[in-house]
Amino acid sequence: MNLSQENLKHVARNQSIVTPSYDRENTQIGIVHLGPGAFHRAHQAVYTENAMNLSGGDWGICGVSLRSATARDTLAKQDNLYTLAILDKNIHYQVIGAMKEVLVASEQSEQVMERLSAETTKLVTLTITEKGYCLGADGCLDLQHPDIVHDLKNRSEPISAIGYIVQSLGQRKINGVAPFNVLSCDNVANNGDKLKRAVIDYADQLDEDLATWIKVNVAFPNAMVDSITPKTEDYTVDVVSKTIGAKDEWPIQREEFTQWVIEDNWQGSRPDWHKVGVIFTSDVEGFEKAKLRLLNCLHSTLAYAGSLAGFETVFEVTSDDTFFQFISKLAEEEVIGSFIPPKELDVKKYGQEIIQRFLNPEIRHLLSQIAWDGSQKLQMRVLPIIRDNLALNRPTKLLCMSLACWFEFICRAIKNKEEIVDPLANDFASLSTLIENDVAAIVDDFLNIESIFGNDLKKNTTIRNQLIESLTALRATTSQGINHVMEKLC
């Protein structure tokens, strides 16, 4: 038996499995989500599911994949139902029905535009990663980005999220339909502000009146999201399918902890998210910094340092006493104190809780997955801390070790001819010094990538010297001896 709307009643007989309690078949679509990947399905879709279970409402989700057909083709076979497996000290399962439809923009552009332009669509949410914003180093829309170049020449047939948003808002303006709110759910600092900048810059290239209309009428709240969500593995499919008594080809797993903080900047209606744990606040930045600088910074540090030491998962590397001590010291001495936390947050306790979350044996979060797109992620997770610590005359030595581990991670991948999942992979491959042994030259080549480090860090002798010292120490040992390097720093 496969998971489906028809078979849902059989799954519901197991009272330990939570199933939709609202009238799913008659619930209309009110949200279009761009990028229906693992995190969205485990996070925003679940909050929306829980809100509809509690209060009802026409907040069904249309997921739009810009290119890949995997989500559509897999979920269509089970009426877009899937199972959330929360794997932690408490393990429980919930069938999610909020996803009503999945479209593929590269194949169904007209249907996507119709859905975005429909009067019933009140909200557009996004998880498209940092790359999808198409921003340049100056924070403005990169008008030379290939997707943006294409979209400006083919306004009615966009391929970027930005192009779809602007084109559909333009259609709504023409039709006299109220605009939707646009809510970024990506791990990007000030994500709403940055998304608004990209949208306005794009609209300005097409129609100044439309750009002005968007500025006045469309809300782009900043938001912070958090819940560790590993990639679904074959064993997850097997365990979930056996537990619910129906074959689910694409379940999702996550830890029990989940957080969603949204700026209280809204126009019009929204799901009753506030009744199911979403925090609406005027200080998203404080929560955002706490998460990016503690969870995400420590995650990236473990990804590169742990990979160099031969570990595969977050749980494995954090369980090693040396690495546990290293990230604990990094959090306490160099991260906490680099920013002002929100008044509602006990930042020291929060930092300790995050490290304990890494020690969840039920979650197999691969370091290789976290290591993707380092050139983008580190600009959000590590470099702002370094800049703020320099301004505050605070230490940066451990942060530089974190960066040096990334440098060495990239160098080893190039030497071993391994795939580098990063938008700058070709740039790294073109740097001949990265396969050589001149540590100072390697550090200089990385620092000279201005799109990552800017002009300030490139010229900072303190950071350069600490990076050279850290990379030299890493190269003076074998992979089994990286613990020794970390021990010295602890």
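The values are calculated or read from the model by the stated rules, or taken from the named source; none is laboratory data. Fair warning: this is a prediction, and the values are worked out from it, not measured in the lab. Here the Cβ is made from the backbone with ideal geometry for all residues, glycine too, and neighbour counts use every protein chain on show.
From the list Q376, Q325, the lone residue that is among the polar types (S, T, N, Q), in contact (Cβ under 8 Å) with a residue 12 or more places away in the chain and touching a Cys at 6+ places or on another chain (Cβ under 7 Å) is Q325. Among the residues of segment 174-196, the ones that are of a type outside the set (G, A, S) and assigned to a helix (DSSP H, G or I) come to 7 in all. Meeting the requirement of 1 or more residues that are touching a helix residue (DSSP H, G or I) at 6+ places or on another chain (Cβ under 7 Å) and under 25 Å from V261 (Cβ atoms), the helices (runs of 4 or more DSSP H) wholly within segment 7-58 are 44-55.
For the condition on the phi > 0 side of the Ramachandran plot and either of a type in the set (D, E) or surrounded by fewer than 16 Cβ atoms within 10 Å (Cβ to Cβ) (or both), what is the one hit in N448, N416, N393? So that I can check it myself, show each step before the final result.
On the way: N448 fails: on the phi > 0 side of the Ramachandran plot; N416 fails: on the phi > 0 side of the Ramachandran plot.
After ruling out the rest, the residue left standing is N393.
Looking only at segment 202-220, which residues are assigned to a helix (DSSP H, G or I) and either under 14 Å from P179 (Cα atoms) or not assigned by TED's automatic domain parsing to the domain that holds G163 (or both)? Talk me through it step by step, then tell me what you get.
Of all residues in segment 202-220, those assigned to a helix (DSSP H, G or I) come to 202-206, 208-217.
Across segment 202-220, the qualifying residues are L210, A211, T212, W213, I214, K215, V216, N217.
Give the residue that is surrounded by the most Cβ atoms within 10 Å (Cβ to Cβ), with candidates limited to residues of segment 356-387 that are among the β-branched types (V, I, T) and closer than 17 Å to F311 by Cα. Full working, then the answer.
Of all residues in segment 356-387, those among the β-branched types (V, I, T) come to 363, 370, 382, 385-386.
Imposing the further condition that a residue be closer than 17 Å to F311 by Cα reduces the set to 363, 370.
Details: I363: 21, I370: 23.
Looking at the filtered set, the residue picked out is I370.
What do you reckon, is K194 among the charged types (D, E, K, R) and out of contact with any Ser or Thr (no Cβ under 8 Å at 6 or more places or on another chain)? The answer is no for K194. For residues in segment 45-61 being over 17 Å from R115 (Cβ atoms) and touching a strand residue (DSSP E or B) at 6+ places or on another chain (Cβ under 7 Å), which is surrounded by the fewest Cβ atoms within 10 Å (Cβ to Cβ)? Result: Y47.
Going through segment 62-84 one residue at a time, which ones are small (G, A, S) and buried (at least 22 other Cβ atoms within 10 Å of the Cβ)? Show your work before the answer.
Filtering segment 62-84 down to residues small (G, A, S) leaves 63, 65, 68-69, 71, 76.
Matches in segment 62-84: G63, S65, A71.
Give me the residue from segment 85-120 that is among the basic types (K, R) and more than 17 Å from H40 (Cα to Cα) and, out of that set, surrounded by the most Cβ atoms within 10 Å (Cβ to Cβ). Among residues in segment 85-120 that are among the basic types (K, R) and more than 17 Å from H40 (Cα to Cα), the one surrounded by the most Cβ atoms within 10 Å (Cβ to Cβ) is R115. Among the criteria (1) closer than 27 Å to L123 by Cα; (2) among the β-branched types (V, I, T); (3) in contact with a Ser or Thr (Cβ under 6 Å, 6 or more places away or on another chain), the one V240 does not fulfil is (1).
When you look at V199, is it in contact with a strand residue (DSSP E or B) (Cβ under 8 Å, 6 or more places away or on another chain) and either outside any helix (DSSP H, G or I) or surrounded by 20 or more Cβ atoms within 10 Å (Cβ to Cβ) (or both), yes or no? Outline the logic, then answer.
Values: in contact with a strand residue (DSSP E or B) (Cβ under 8 Å, 6 or more places away or on another chain): yes; either outside any helix (DSSP H, G or I) or surrounded by 20 or more Cβ atoms within 10 Å (Cβ to Cβ) (or both): yes.
Spelling it out, V199 is indeed in contact with a strand residue (DSSP E or B) (Cβ under 8 Å, 6 or more places away or on another chain) and either outside any helix (DSSP H, G or I) or surrounded by 20 or more Cβ atoms within 10 Å (Cβ to Cβ) (or both).
Yes or no, residue by residue, for (1) surrounded by fewer than 16 Cβ atoms within 10 Å (Cβ to Cβ); (2) more than 24 Å from K89 (Cβ to Cβ); (3) free of Cβ contacts under 8 Å to residues at least 40 places away in the same chain:
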| site | (1), (2), (3) |
| --- | --- |
| V237 | no, no, yes |
| K242 | yes, no, yes |
| D248 | no, no, no |
| E255 | no, no, no |
| Q267 | yes, yes, no |
| R270 | no, yes, no |
